[in-house]
Every structure is written in structure tokens, then in C-alpha cells.
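We did not get these values from a lab; they are worked out from the coordinates using the rules stated. Computed from a prediction, not measured in an experiment: that's the story for all the values here. With ideal geometry, Cβ positions are generated from the backbone for all residues, glycine too; neighbour counts draw on all protein chains shown.
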There are 2 protein chains.
Amino acid sequence: MRALTVLPGTADSLQLDDIPDPPPRDGRVLVRALALGICGTDREIVSGEYGTAPPGEKRLVLGHESLGRVEKAPPNSGLTEGDLVVGIVRQPDPVPCVNCAAGEWDMCRNGRYTEHGIKERNGFGAERWQIDPAFAVKVDPALGDLGVLVEPASIVAKAWEHTERIGRRAVWEPRCVLVTGAGPIGLLAALLAAQRGLELHVLDRATSGLKPALVRALGGTYHSGSIGELGFEADVVVECTGAPQVVIEVMGRNAPNGIVCLAGVSAAGTQTLVDAGALNRTIVLQNDVVFGSVNANRRHYEAGVAALLRADQAWLRRLVTRRVPLSRWREALEPQPGDVKTVLDFTAAA
Amino acid sequence: MRALTVLPGTADSLQLDDIPDPPPRDGRVLVRALALGICGTDREIVSGEYGTAPPGEKRLVLGHESLGRVEKAPPNSGLTEGDLVVGIVRQPDPVPCVNCAAGEWDMCRNGRYTEHGIKERNGFGAERWQIDPAFAVKVDPALGDLGVLVEPASIVAKAWEHTERIGRRAVWEPRCVLVTGAGPIGLLAALLAAQRGLELHVLDRATSGLKPALVRALGGTYHSGSIGELGFEADVVVECTGAPQVVIEVMGRNAPNGIVCLAGVSAAGTQTLVDAGALNRTIVLQNDVVFGSVNANRRHYEAGVAALLRADQAWLRRLVTRRVPLSRWREALEPQPGDVKTVLDFTAAA
């Protein structure tokens, strides 16, 4: 079968390989791939900066934003042939840490987790994949091919869940949300803000086109200036750019008791001048919180499915700006102007 | 009566004034001052950098770390003559924000609170003061003159409460705590860590003397090197130095899911080079939290009293390194080597 594989640590080693079908294993769900979303982490792996092959193997099958159809499911797995499923990316070590043991593997403490398509476990960028049913999430057929958005939606579902759990350290009545970055994660974070009835603001560099339109369709206000010019203070900031300067700016600019969720991964290596005394003073005197959120557990995948089902399906469909047949995978990995979410289509003819 | 007053915004305006006794007001508790703790905020006010006089007045009575004895209490106030009391520093606006209305005035959202001895409300640095019984905290007589530590203990009780509430966003089983700064707040934060049975580490610049001894007496390990040399990762960091470089270092150096509580107020104005991309990446990929904690509400004062009662009273007594009679107030405001907590004694003869 065809699979996209990389040599982790080596730049531009991505290729469409022919690899053996997964050997049938008892208790596993066999899934035929329908689609694969491409994200920044995939590009980081392709550039050789990130990623680890499974133990004893040289190459890693790429891909963690999956959608597939069940071909075969074990009895009592809650899944049957024909079901739409998404694979959970992270799996705990067989000897789990206390968080992993409780199903909170997104909060793994010892780093011994594996991740499909990222860390020591082959990804979903293959025509067929197998998975333990405990890590397969059933997707309502009403979502159809938009089920490929479940994994990014799980990321923002976790970000929002943790924001709210942290917020409830005291009275929690947020009014105003700022999302920085209008990529797929930012727009889905904005969707979840709108679903919570919050006043929504989204800031991105784009000055026109699809992103402002998608924000306005959620009832939000779109901004493309600087954070300092916004003229309001948000109770919640969901930072999705990963741009170091933006990260520093949002940390210090929010309402009293403000919560900044950092959800964008950035590269190290650029020094920025920061008035750390002023930043600390603001965070302390305003009881501010800055927290990082990565990955998601089963609860978040299920919350992601629920959020996508509640959304305007036409709006969701606009997030997927390119569907590229697997055979033209090179195009999918190349960012293009106007991209929001690019999806590799495993069902299309070349 | 004698009272320490300042002209807010004017450096070195502190003086021991003779001011009229507080006019008797129905429903108020009348308190005779026993002691007043001096802290960094007082020194900031004395240097003219902070503080606001009550509306219509020019001078502000200094002091927010109180201990007094009730001279007269309204019926049904829960207080009677002779009770030891501490005054709560912050009081909400008569038209409270949603947090203040719920008693969470430490988390005030609109900034319209007042603070005894700091913001628009006279402090406790007077021989007699009056207070609404809702803002008077009864102190167990077993604490005696150590009741002057209740206000700083309330600060760390809030810091710990919020750390734990934030921690419970997922499985919460912390093992190891680092406290940076071994001043009164740092040492009380260390006490509360020890009371929780956590592995305790305290880092401070002092290389010998009382601070290392006080940490060891809690069963903790004392460090005076750099954070980078510590060789372990803490699940909780309570940052009490307010030193910009320390703040930045602890933000990025802690265990996965680590919580950094910023509890030290720093001055603005110094630019530090920060690899903000690396910092963001660590916070995101480790699910780290950095939060600020200031002030305390009644629940935290009561938790502070309880923590002090559970402590070794001889250990607490060592925190008070100087007791200075009111008449020699100038000495109390001058930091001296070896100081931990300096207390102005209102009962001593000159």
C-alpha cells in the first residue's frame, strides 16, 4: 500500500513509499484512510527538525490528522464496518505515568508517550492503518469528510477545557476573547469561543480574503493591526501564532484575571528584548495566567466532534481550502497563499 | 494618637504624626494596635513609587500587616473585647464587581477596590484603628504576637490555593517544590509546602545565616547557586524574588505540567534578552502554567491562621528578626543584613 514516510532528522526525506499492509492483529480496528490533514508539525518533521521513527525502524509514516472508515472491528469495540473514525494521536507508555493511567495522556509527566506520525509510532498517512479501539474515536456520519477536522478540534477543545478549569479558580464570567492567528487552530478556537457566547476578536496578519470573512461569519471582529492598538482587554487570549513577539505581547496585555492559552508551537533561537520586570508586575498584580496546551485525550476528541457537529457545516467546509489527491502529496506540503487547512485526499484518483 | 503617615508619590515623606483618634462609628470594631509588619510594598510607598491617599486627604496612614486587640466590638460581630484581630487589607467597592460580590475581592476585575495602607484607605500603622467586622479576622490567642504574620501567611495561602485549583485541571500529584527567595513570603510559602508533605527546595542569594537554617528546619534543601544548576525539575515553583532574570528562568525550567506561581512584585524598566520562542515552545509542549497571585480574601486569611497554628511556633518566631518600638520607626524601614521580617512594636516603650 502507499504511505508517506520520512527519515526523521533528515530534511526533505518525505516520499510516497510502497510499504506492506499492516499485519492483522487481534483486537485492533482496521481502517481504510479517507483523508489526512496537514499541519505545521508535519512540515517541521519534513524539514528534519522534529519526529522519531518507531523503535528498530528508520522511517516514520507521517500524519496525525486522520479520517478513515472502519474495514474490520473487533467485537464489543463499539465500532462496526463502515463507521467513520479518527485515530487518537498520543498513546501512553505500557507502564503509564499517573496522568496517563487516568486517561490524561495529553498531560503525560514522564515523556514516555508515543505519537502517531510524530514520535516512535507510525502515522495515519497510509492507505490502511490499524489501531487499538481505545484510541479510535467514532465520528458522527453527519460530519462526513469534515471529520478530518476532529484532531485540530480536539486541540482547541482541550485548550478551552483547561482555560475554563483554570478560570474556575475564582469566579469565572469571561466576556471577551482574543484569538491571535487565524490558521485552522485559531479559527477553530474562535468557533469554540463563539459557541460559548463570548465576544470574539481574532487578530491575524492577513488584511483581506477568507480569514476575515470566516471570523465575521462567526459574529466576531477581525483585526490585522498590532496588539497594542486593539483598544480592549480580553479575559481570554488563545495564542495560535507561536510568533515570539506576539507571545510576549499577549502575556502582558489582557484583562485582570486574564487567561492566556499558548497553543502555537514556535521555534527557539531568536532573542527578544523583554521588560521582564514589567511583565512580572502585570501578571502578579492582575492575577493573570499564562498556560501552554498541547495534545488532547479522548474526552477532548469527543468534545471536538460535538463542537464540529454544532457548527455551521458550510463554515467548516470553507476551512478546508485545498483537497489534494495523495498522488500529488508534494503540493499539499507546500504552503500557498490563502491556505487555511490543506487535506490530502486518499479517495481521489490522481 | 500616633500614626505613621506618608504623602503618596513623594519620596521620604514618612513621619510619625499625631492624628485624631478614629471617630466612633456604629457597627465598627475598635482595635488597639499591637504590631505592624513592614514589607517591600511599604518601602515602595515610602519611596514615593506607589500608594494613594484616601479621597479628600493628602496623607495616607501606612501599614497593612496588622495585629491588634479589640477594644470594642459591635454585638453579634463574633468579636469581643480582648480578642486578637488582623485587618483584611483589601475592601471591595460599594458597587462590587462580580468577583468582589462573591467575596473574591483579591480577584477584583474593575480595580475599584481600596486597600488599607496602600490604596485610598488608611492603614493599620496607627495606635488605634476601626474596621468593619466583615474585614476583621479573629486570631487564635495561641498565636499571640505571631499573629502579625497572618497577613503575609494569607498571601501564600492564596498562592497555594490557586496553585492547587489550577493543578487540578488534570491529575494533580505534585512531588517537588522550588521556592525562589527566602524572605518572609518565600519562607512562609516553604512552610506551606512542607505542611503539604512536598519535597522542598528553596533558592536565595544568601550563602549562610538564618535563611538556610530556617529552610533546613522545615526539612528542605537550601540552594544559593543559579537555577540552571539545580539539577531537578520542580512541579511547583513559588517565585518570591520579583527579580526579572529569576522570573524568566523559572518560567521555562520546571517539570512537565509545572506550575509557576509568581508572587513577587518587581519594578518595570529593565530590558532582558529572552528567547521567547524557546520559552513559548517549552510552556506549550510541557503544558506549563505561569500565574500571578496577589492579595487575599477572608478564606485565605483563615487558611493563613490555620497554617501558622500548625507550624512550629519557635520556627515562626525566628522569622521575626527585628522588633522595633514605634518611636524608632525609621530603623524599621531601613533594611539591614540578616533581616527576614521586621515588626514595629506598638506596645513597647521607646
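Observations on the model:
- C-alpha long axis of helix B:276-285 to longest principal axis of chain B, angle in °: 80
- Summary value for chain A: 18 percent relative contact order, contacts being C-alpha pairs under 8 angstrom separated by 6+ residues.
- Cβ charges +1 (Lys, Arg) and -1 (Asp, Glu), total dipole of chain B, debye: 300
- Modelled this way, with points 7 Å down the Cα-to-C-beta line, the labels at A:Leu273 and A:Ala349 are 6.2 nm from one another.
- Cα-based helix-to-principal-axis angle, A:298-310 vs chain A, degrees rounded to 10: 80
- Charges were assigned to the Cβ only: +1 to each Lys and Arg, -1 to each Asp and Glu. The resulting dipole of the protein assembly as shown about its Cα centre is roughly 580 debye.
- 7 Å along Cα→Cβ, label-point gaps from B:Gln336 to other copies, nm, shortest first: 7.7
- Segment B:249-282 versus segment B:130-194: alpha-carbon centroid distance in Å: 22
- Counting only other chain Cβ atoms within 10 Å of each residue's Cβ, the peptide B:238-251 averages 3.
- Across B:Leu214, B:Leu273, B:Leu188, mean-square fluctuation computed from a Gaussian network of chain B (C-alpha pairs under 10 Å connected) peaks at B:Leu273.
- Rounded Å value of the spacing that divides the Cα centres of segment A:12-75 and segment B:1-74: 68
- Cα-derived Rg to Rh of segment A:144-198, Kirkwood definition: 1.01
- For B:Pro141, the distances from its label point to the matching points in the remaining copies are 7.8 nm, ordered from shortest, with each point set 7 Å beyond Cα toward Cβ.
- Dipole check for segment B:156-292: with +1 at the C-beta of Lys and Arg, -1 at the C-beta of Asp and Glu, and the Cα centre as origin, the magnitude is about 240 Debye.
- Here the protein assembly as shown is treated as a sphere whose radius is the Kirkwood value from Cα pairs; by Stokes-Einstein at 10 °C and 1.306 mPa s it diffuses with a coefficient of 58 µm²/s.
- Rounded tilt (10° steps) of A:150-167 against the dominant C-alpha axis of chain A: 40
- At 7 Å out from Cα toward Cβ: A:Leu285 inter-copy label distances (nm, ascending): 3.5
- By the count of neighbouring beta-carbon atoms within 10 Å, fewest first, A:Leu84, A:Leu262, A:Leu4 end up ordered A:Leu84, A:Leu4, A:Leu262.
- Model label zone, B:Asp93; criterion: amide N under 14 Å from point 7 Å along Cα-to-beta-carbon; scope segment A:223-260: A:256
- Set of segment B:71-114 residues, backbone N closer than 14 Å to the point 7 Å along the Cα-Cβ line of B:Asp26: B:74-75
- In percent, rounded to a whole number, the relative contact order of segment A:156-292 is 22, using alpha-carbon pairs under 8 Å and six or more apart.
- Helix-derived mean residue ellipticity, 222 nm - over chain A, DSSP H n ≥ 4, -39500 (n - 2.57), to 500: -7500 deg cm²/dmol
- Inter-probe distance in nm under a simple model that places probes 7 Å from Cα toward Cβ, at B:Leu230 and B:Asp132: 4.0
- The equivalent ellipsoid that matches the C-alpha gyration tensor of segment B:118-211 spans semi-axes of 29, 19, 13 angstrom, in descending order.
- Residues whose amide H comes within less than 5 Å of that of B:His223, counting only those at least five positions distant or on another chain, are B:Val202, B:Leu203, B:Asp204 (H built at 1.01 Å from N in the peptide plane).
- Net length gained if the chain between A:Asp18 and A:Ser47 were fully extended (0.36 nm per residue, minus Cα distance): 8.3 nm
- Cα-projected label distance for A:Arg318 with A:Gln336, points at 7 Å along beta-carbon direction, nm: 1.9
- A:Arg128, A:Arg205 arranged by Cβ crowding within 10 Å, fewest neighbours leading: A:Arg205, A:Arg128
- Ranking of B:Glu57, B:Glu302 by count of other Cβ atoms within 10 Å, fewest first: B:Glu57, B:Glu302
- Cα gyration tensor, segment B:156-292 - rounded (a/c under 1.5), prolate or oblate: oblate
- Largest GNM mean-square fluctuation among B:Phe232, B:Phe124, B:Phe135, using chain B with Cα springs under 10 Å: B:Phe232.
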